[in-house]
Amino acid sequence: MGDFDGHGSSNGCISHDSKLKVTWLNHFYGVADETKVKFSEDEEMLIARMFNLVGQRWSLIAGRIPGRTAEEIEKYWLSKHNSPSENDT
């Protein structure tokens, strides 16, 4: 069957079934969604200020926030500022 039961495919690729099982297990056991990163209010304010100063230089912004990666900062920013629910009224 796939990689989940220890009998992985000979080419080393993860099967579609295995990916679905991992997704289901993550959901079932409450593993946090990687796309939803939590930031403190201070971090949010710092990100906004830094973005206004340096733009989309995520690694530069991340360098000012200990424990944060450029990828986390970018995901956070894009989720807050590119959401379709943001309507200009």
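Every read-out reported here was derived from the displayed coordinates using simple, explicitly stated rules and does not represent laboratory data. Being a predicted model, the structure only gives us computed values, none of them experimental.
In units of the rule-of-thumb radius 2.2 N^0.38 Å, the stretch 38-81 shows an alpha carbon radius of gyration of 0.96.
Relative to the current alpha-carbon distance between MET45 and GLU74, full extension at 0.36 nm per residue lengthens the span by 9.0 nm. Each Cα pair under 8 Å and six or more residues apart adds its separation to the average, and for the stretch 38-81 the resulting relative contact order is 27 percent.
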